[in-house]
Each structure stands twice: as C-alpha cells, then as structure tokens.
Amino acid sequence: MDLSKIAVSINKAINTQEVAVKEKHARTCILGTHHEKGAHTFWAAVNRLPLSSNAVLCWKFCHVFHKLLRDGHPNVIKDSMRNKADLTDMSRMWGHLSEGYGKLCSIYLKLLITKMEFHIKNPRFPGNLQMSNRQLDEAGENDVNNFFQLTVEMFDYLECELNLFLGVFSSLDMSRSVSVTAAGQCRLAPLIQVILDSSHLYDYTVKLLFKLHSCLPADTLQGHRDRFQEQFKKLKSLFYRSSNLQYFKRLIQIPQLPENPPNFLRASALSEHISPVVVIPAESSSPESEHVVETEDLVDTDVPALPAAVETTFDDLFGTSAAIDPFNFNSQNGMRKDDKDRLIEQLTREIEALKEELESFRLESGRLCQALRGRVSELEAELAEQSHLRLQAAGESEFLKAELEDLRRVREDTEKEQRSLTEIEKKAQANEQRYTKLKEKYTELVQSHADLLRKNAEVTRQMTVARAAQDEVEEVRREMQEKVKSAQEVAERQERDQLHQLQELQRELVSNRVELESLKTTMASSQQSSEVLSTQLVALETEKAELVQSLSKVEAELAVRGEELERVQSSLATERESGVKMAEALQNQLNEKESREQALESQLVAARWSSLQGAVEEAEKIIQDSLAQIDDPAHISCTSSADYLASRCQASLDCMERLHSAGEAFLADNTGVSDLVRVVTQCGHLVGDTIVQGSATSHMVPVEQADALSESVKACGAEALALLGQMKQQDSLAAADDSKLRAALEAILATAEKLRPRGLELQQGELGDLVEQEMAATSAAVESAAARIEEMLNKSRAVDTGIKMEVNERILASCTELMQTIKELILSSKDLQRDIVEGGRGAASMKEFYAKNSRWTEGLISASKAVGWGATVMVDAADLVVQGKGKFEELMVCSHEIAASTAQLVAASKVKADKDSAKLHRLQHASRGVTQATAAVVASTKSGKSQIEETDTMDFSSMTLTQIKRQEMDAQVMVLELETRLQKERERLGELRKKHYELAGVAEGWDEGEEGTG
C-alpha cells in the first residue's frame, strides 16, 4: 500500500467538517498500520495538523486514533506512547473550556491515554479487548494480587469510558432528533468504539470479581462491589438510552444488561452470568449514506420581517376625486396648495428620517455589542492560556523538586558506597579515594546548584511574562469600560434628540389646530355677512365637512405615528437596559479576572517563599553534612593547609556581606527572591567547605591548637544553623542576625593566619642568592648532561654496529633534543621570573621581593632542583642502556620524571605572571616542546627495546602431554610470583609517595610552623 495514499486518507478522515468520519477512510488508515507494522505514517501526518486550535479537528482525530488502537497493528500502542506527553498537554488545554467540543476532547484524550497505559501494563490484552477465559486467567498469572490490581485498572478504564458517554449525551439536546443530523452523528459516532470496549470490560470485571471472592474475604472486597454497582447502574442506563437512538439501530446491536447486578457473595451466580455481546450487522450502510436532516429543517430560525413603512402622501389620503369635485373651488379658481398640506408632507418626511436614524442606531448598537462579545471571548482565551502557562510553571517547579530529591538520594547512596569501600580497602588507598570522591561530590553539587539557578531564572522570566500579560489584561479592561461608557452616552444623547423632535411635532400639531379654529371662525363670519351667497355657504359647509374628515384622518395618522414612536422609545429603553446588563456582566467578568489575578499573585508569593525555604533547607543539609563529616572516623586522615582554610574563610565572609544585602533587598521588595536564593545556597556551600577544611587543618597542628580550631569550627556550624533557622520562618526573617556567624568565621580566619608557615629561616640576601644559585646549578646540570650525551653518542658510533648502533643513535638523539628543550625552558623561566620581579618589587630590591614572597621563592627552588636532578639521572640511565647494562624502563621513568619536574617549574613560574605576558606564552611554548621531546624519548626507547629483544619461538610440537602439563604448572607458578611481586611493589610505591608528601611538607615549612605555634 502506498504511504501517500495512507496520508491522504488520514487527512480526509481528520478534517474540520462537523460530520462523522467516513468508514472507508478509517479502514484505509487501519490497513496502513498493518502494512507498515506501526503508526509512524499516522503520527507524521497528525503532527502537522492544528489539533490545539480546532476542537472539531481534535474530536475526529480522537475517533480515528481510537479505531487504530482497537483494530490497528499491535505496534500502534507502542509507537503512540512517545506522544503521551503531547496528548496530556492537549487534554489539559482543552479542559479549560466548559462546553462544546473542547470539554469532550479533554475527556476523550484522557480515555485514550488510559487505554494506552492499560495495554502497556497488561500486554496480554489486545487492542480490541477480545480474550477467552483461559487467556484471562493467564493474564493474572494465577496470583490473587495480580487479579486484584487488574480489577482496579479495569474499573479506572471503564470509568473513563462512562465519562465520555455521559459527556456526549449531556452535550446533545435529546428532545430533538439529533441522531439524524450531521452534527449529532459527528458526536455519536465514537460511542460505537466505547460500546465495544465497555461490553468487554463489564464481562471481564464480573468474572474477575467472582474469582476474587473465591480467594479473599467478602469484607476485603466491599469497595470493589460498591464501585461495580455504581458503574453497573450507569452502564445499563447508557446502553438503554443508546439503543433508542435511530443512529445506532442500523449500525450496531447494543446488548441489554440484567435488571439486577450479579450477587458475588453466591458462587453459583457465575453460571447465571451471560456475557454481553455487541453485534455489528455485516451489510450495514455507512453513517454518511444515511439521510441527513439539516438543523434548519427541524427548527425554523427565520425571523419574520417587519412590515414596510407605508408612504402616504396628500393625494393618497384624500383620493383623486378632488380634481372632478364640483365643489373644489381651489382648482376652479386656480389657487395653490394650502400651507397645511405642505406641513403634513414635511412631517411625514421627518418621521421617515427618524425611522432611518433609529434603524441605523439599532444596527450600530448591535455591531458594538457583537464587537464587545468578541473581545470578551478573546480575553477568556488569553486567560485560559495564562492558566495553562501557570500550570506548566507549577509542573516545572514539581520537576525541580523531584530532581532535588533525586540528588539527595544520590548523595545518600554515594555516602553508603564510600563507607563500604572504606571498610574493604586498606587505609592508605581508602584515604586517597575518600578525598577524591569528596572533591567530585562537591563539583556535582556546584553543578546542580548552577542548574537550579538557571531553572530559577527561567521561572522568574515566566513570572515576568505572566505579570506583563496581567498588565495588558488590565489595560484592555479599562479600554472596554471606556467604550461601554461612550456607547451609553451616545445612546442617551440620541434619545434626548428624538424626544426633542417629538416635542416639536406636538407643537406643530397644536399650531395646526389653532389654524383650523381660525378657519372655522372665518367660515362663520362669511355666513353672517351675506345670505345671498347661500350656495357658497353650502359649499363651504361641504368643504368644512371634508376638512374635518381629512383632519380626523390626519389625527389618526398622527396617533399611529405616536404609537410607533412609543414603540421605538420602548425598544430603545429595552436596548439600553440590555446594554447596561451586558456592561454589568462584563464588569462581573472583569472582577472575576481580578480575583483570579490576585489568586495567581498569592500563588507566586507562596512559590517565592517555598523556593527560599528550599534553598535554606538545602544549605542546612550541607552544613549538617559538613558537621557530620567532622565526627566521621574516615575524615581523620584528611588534611588541609592553613592558607587554603584562610581563603575559604575570607570567601565565606564576602558571601555573608552579599547575604546581608540580598536579605535587605528581599525585605524591601519580595519579588527579588532569586538573588537571596542564590546567595543562601552559596553561603551554605562556602560555610560547609570552611567547616570541613578547618577540621582537616586541625589534623596537621598540635593538640591544643587543634582542639581550639575544632571548637571554633563547631561553633561556626551551630551559628550557621541558627541563622538559617531564623530565615526559614517568615516572621523571624527580618530579625535574623548574622553577626555571631561573622564573629565565628573571623575567629577561624585569625586562627588560620596564626597557623600559616613562616617560610625558610633565611636572610633576605641568602634567599635571593639561593634562587640564583639553584637556577644556575640547574642550567649547569643540563649543559653537563648534554655534553655527556654527545660523548656517549660518539663512543657508540665508534664501538657499536648494526641494529644496536641504530638504536643507540636514535635514543641518544632524542635525549639530546630533550636537553635542548629543557635548556630553552630554563631560559624562558629566568626571563619570566625577571619580568615578575621587576613588575612586582616596586621600590624594593630583588632580594627583598624574594624574601617577601618566600613561599613562591621556595617553590621555584624546589622545581629547579627537581629539573637538574632529573637531567643527571636520565644521563646516567642512558649511559647504562648504551653500554647494555641498564634497563629501558629506567630511561622511560626518568623521562616521565623530567616532564613532571618541568611542569612544576612552569606552574611555579606562572603563579605571579600576567596572563597576557609574551614571556609567559614563550614559557608555555617551551613547556609543550619538553612534553613532545619526552614523548619522543619514550617512543624511541620502546622502539629500540622491541628491536633488540628477541622473542623465543614457542614450539610445543615435540613435547608430550606430561611435559606440557609440567610447563603449564611452571608458568602458573611464575605468574603468581610475578603478581605477588607486582602487588608488593605497588604498596611500596604508595608508601614512597606518602613519605615524599611528608618530606615536601617539611620543605614547605609546616614543621617550623608547628614549632612556632607550640
């Protein structure tokens, strides 16, 4: 099957149209999983769909994915577990919506996640849950505990199925024929898969409960029975409601559950249990072929149009008979229309204009209301997104806490392993490994601390973003209030204008009546003036009657217009009331948002305080661990120098200054908690390190001073724990006093200053001369060694021949090159030392500078001695190798020793050098040359050894079985002897190194420091 065809079917099955998924597209997706033996193509196509932005699209994805989990390839479940986290986040996001497809998508995604987890935990169950009784027994492995746990998991699974059932039915209007509409079928179609799963889960739950009741007491299973009865009632009701829907009658035959649930207390009731069977007709038509009745056919949503306004003119009111009326004196005499007629036409036009303005106002008001509703929807979506971000931040905080807990467990496991190794290994090796592991542990803690700081900065950044979004919501709220207020003002102003126009119309009507009265008066006077004009009087009476009739018609029309105007006013009042109610609703929503924002702010304050408490607790544990190490017997062998202790104390004091400043800043503004958390953790590390180094330093000083230093260290730890205890409580944070801890650290610093070595008891002139003498002696030794190597090379060329001469020439040539590089290194070191002395001595002399920096001077002297001694020993070893009396291994060891000595000289020289100094770069380049030359000596020595030494051919063809066995035993004896000797030599090497460290301590002035303090 073509993968492109599968992708097309997936896109056709999962679309935004609110119709049921077509069966042929779903079947193609299922066949595609069997073709490729997995769901890679399905997830590749789904990951490109905007499932988080369209609820209908997500709903149809859930339907198709449910079909694949049931009928697809078994690997679909394994391939889909990689996307479990994305499905969980999507379910949480859709869960913020309280109605429509959003809520249904959240419930459906939880069901699918539960289904995947169930099948991963219980791989014996296929996706369609069809199993025999024997397979069900094998799934529990004949263990009652497994059956008990399996029953609980099935209850959880069935609970998710029932939640989806209830969610779909509650979202539909069951009073209408929703099952024959496209929208209703879109929601009901996934319930077919739910019915299939629920029937199997119900059957297996009944069988497992009977099996559990046969093995366990009835009281133990009371909770199981209660939960089963609750689910039985729901499932029976849902099956009954589903069987009455027209949509399901042709697609699936839904079983009916018994009237009462099974009685698990009676074992024979199992024989009465009938497994529910769901039947799907083989020749059933697909849901899309069924006649779909649109919603518009079920409910008449058309609004009848208002009757059109009748445009009435003067001729329409009075008819056209006036033209042929014999009593129409106006036409007979050629007179113009009366002013009254023009006034009526003007009033009519003004009323029409008022109608148009009223209609435009109604349209504008509707448009403003629609815009406000859209803005409210946008704000609700933004609020849901902010809530989602807050949940993510809370999840990340929980993840950080879990990581911190893991680190604590790792630290405890490491301590246990260290204690076990201390009991097994010997004392010397245990001490070295203990010290190394302590260093590694400290490095890991520092790294984890840095990671926590970075994550804390990320959380702070997210809080800043949330605060900015909160400000934006507040600004939008103010804009909405202003818009509502302006709309109300416009409506009131237009209402006042319309009232004013109505008053003008009434005044004009009164004036018309006055004119009519004047006409009546004129007619009466004309009757009294002349009886001759009787015919004219009759005509005037007729005209008067007509005028009265026309006036009554005008009054009736005006009454109609007045009633219409009253209706317009009532509609305006109704719209104004609806606008006020809408404004009140918007105000309530804004108040709710403000309360939510206040809740978020309180949660942020609690999160800040919890992060500070976590940092304080971590610092307490670090200090408690340091105090515990003091009493650990394995810590007695750990030592440290007074110089390092003084540096740690000074760093702790500097950190205390930063802690004081950060605490004051936090009390002024509690949002800046990140700096205080960082400083608290750093202080915990530094004070703990000071405690450990102080205890280690006490092992190197006399007893009285050691006791005093130990007491100072313990007092420092107690004061640090007291200070951290005050910082843990929110009410005592402001009263936290760090002066006692400062005093304890200053006391340790003073003790460390007293214990620092005084240096060699030499005069200024003697110390400066000694440096020059040692450097000169080293240069002379290197020159002498180079001369001796050249002499040995000449002798070898005169005496040796063949391979031996070639090997000797190669070894001596590499030794000569090594001596040249050492000479360059010594010259570079002298230049750098001269540059250091000139730049640092100021007005003092060179000898005074050497005396002032006695420790550095002693390091230079020691390194120079080591280089000269190494060159002399290497020349002696090379001489013996050339003569055939020495060992190649001695020459390789001497080469390594020279490399170490030159590295010591470089390190001693660069301590006080400027990192940008050209002479320092030259010294480093010379050091790399010595390293390369040393490697060349070792390589040439190994090559010469392999050429000179000949390996005897092992020929065992003429030996008998007894001889071979004898040789094998001799070889085993030799191997054991060599292993024993190797072990002894390693122990001897360890003792030699330990003694070397002690002698190096004496040379650095430790013994003199002890005598001075004693």
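The values are calculated or read from the model by the stated rules, or taken from the named source; none is laboratory data. Everything numeric here is computed off the predicted structure, so don't read it as measured data. With ideal geometry, Cβ positions are generated from the backbone for all residues, glycine too; neighbour counts draw on all protein chains shown. Please note that ligands, DNA and RNA were not included when accessible areas were found on the heavy atoms of the full protein model with its side chains. Shrake-Rupley method; radii C 1.70, N 1.55, O 1.52, S 1.80 Å.
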By residue number, the members of the range 987-1008 that are at pLDDT 85 or above and open to solvent by 100 Å² or more (accessible area, probe 1.4 Å) are 988
Please pick out the residue among 730, 773 that is outside the structural domain of residue 654 (by the TED database), at pLDDT below 75 and among the polar types (S, T, N, Q).
773
Going residue by residue through the range 198-216, is there one that turns out to be part of a loop (DSSP other than H, G, I, E, B), touching a Leu at 6+ places or on another chain (Cβ under 7 Å), closer than 23 Å to residue 160 by Cβ and not charged (D, E, K, R)?
no
Which of the residues belonging to the range 73-130 are surrounded by fewer than 16 Cβ atoms within 10 Å (Cβ to Cβ) and touching a Lys or Arg at 6+ places or on another chain (Cβ under 7 Å)?
75, 128
Would you call residue 297 in a helix (DSSP H, G or I) and at pLDDT below 50?
yes
The residue from 946, 901 that alone is modelled with pLDDT under 75 and either surrounded by fewer than 20 Cβ atoms within 10 Å (Cβ to Cβ) or of a type in the set (Ser, Thr, Tyr) (or both) is 946
Reported set for the range 866-896 where residues are open to solvent by less than 30 Å² (accessible area, probe 1.4 Å) and aromatic (Phe, Trp, Tyr) is 888
If you go through the range 30-60, how many residues are assigned to a helix (DSSP H, G or I) and free of Cβ contacts under 8 Å to residues at least 40 places away in the same chain?
11
Count of the range 130-143 residues which are assigned to a helix (DSSP H, G or I), in contact (Cβ under 8 Å) with a residue 24 or more places away in the chain and either aliphatic (A, V, I, L, M) or in contact with a Cys (Cβ under 9 Å, 6 or more places away or on another chain) (or both):
1
Test: residue in the range 366-380 that is open to solvent by 70 Å² or more (accessible area, probe 1.4 Å), within 30 Å of residue 557 (Cβ to Cβ) and assigned to a helix (DSSP H, G or I):
no
Kindly check whether there is at least one residue in the range 174-189 that is assigned by the TED database to the domain that holds residue 270, buried (at least 19 other Cβ atoms within 10 Å of the Cβ), in contact with a Gly (Cβ under 6 Å, 6 or more places away or on another chain) and without any contact (Cβ under 8 Å) to a residue 12 or more places away in the chain.
yes
Among (1) surrounded by fewer than 18 Cβ atoms within 10 Å (Cβ to Cβ); (2) assigned to a helix (DSSP H, G or I); (3) modelled with pLDDT of 75 or more - the single one residue 797 does not satisfy:
(3)
Being within 12 Å of residue 43 (Cα to Cα) and either among the aromatic types (Phe, Trp, Tyr) or open to solvent by 10 Å² or more (accessible area, probe 1.4 Å) (or both) is the filter here, so list the residues in the range 55-72 that pass it.
61, 65
Yes/no for residue 146 being in a loop (DSSP other than H, G, I, E, B), more than 28 Å from the chain's Cα centre (by Cα), outside the structural domain of residue 52 (by the TED database) and not small (Gly, Ala, Ser):
no
Scanning for something out of contact with any Ser or Thr (no Cβ under 8 Å at 6 or more places or on another chain), open to solvent by 80 Å² or more (accessible area, probe 1.4 Å) and either among the aliphatic types (A, V, I, L, M) or at pLDDT 80 or above (or both), does the range 333-342 turn up at least one residue?
yes
The range 705-724, residues that are more than 30 Å from residue 456 (Cβ to Cβ), surrounded by fewer than 24 Cβ atoms within 10 Å (Cβ to Cβ) and touching a residue at least 60 places away in the same chain (Cβ under 8 Å)
705, 710, 714
What about residue 51, is it of a type in the set (A, V, I, L, M) and modelled with pLDDT of 90 or more?
no
Kindly indicate the residue of the range 683-700 that is modelled with pLDDT of 85 or more and surrounded by fewer than 24 Cβ atoms within 10 Å (Cβ to Cβ) and also farthest from the chain's Cα centre (by Cα) among those meeting that condition.
692
Pick out the one residue from 669, 675 that is open to solvent by 70 Å² or more (accessible area, probe 1.4 Å), out of contact with any helix residue (DSSP H, G or I) (no Cβ under 9 Å at 6 or more places or on another chain) and either assigned by the TED database to the domain that holds residue 737 or not basic (Lys, Arg) (or both).
669
What pairs can you find where one residue is in the range 230-253 and in contact (Cβ under 8 Å) with a residue 40 or more places away in the chain and outside the structural domain of residue 195 (by the TED database), the other is open to solvent by 30 Å² or more (accessible area, probe 1.4 Å) and of a type outside the set (D, E, K, R), and their Cβ atoms are less than 9 Å apart, with a gap of 6+ or different chains?
none
Residue match in the range 487-502 (condition: part of a helix (DSSP H, G or I), modelled with pLDDT of 75 or more, open to solvent by less than 60 Å² (accessible area, probe 1.4 Å) and not β-branched (Val, Ile, Thr))
no
Of the conditions (1) more than 28 Å from residue 8 (Cβ to Cβ); (2) under 25 Å from the mean Cα position of the chain (by Cα), residue 112 satisfies every one except a single condition; which number is it?
(1)
Does any residue of the range 688-696 turn out to be free of Cβ contacts under 8 Å to residues at least 12 places away in the same chain and within 30 Å of residue 397 (Cα to Cα)?
no
Among (1) in contact with a Leu (Cβ under 8 Å, 6 or more places away or on another chain); (2) under 30 Å from residue 418 (Cβ atoms); (3) open to solvent by less than 60 Å² (accessible area, probe 1.4 Å); (4) modelled with pLDDT of 80 or more, which single condition is residue 638 missing?
(4)
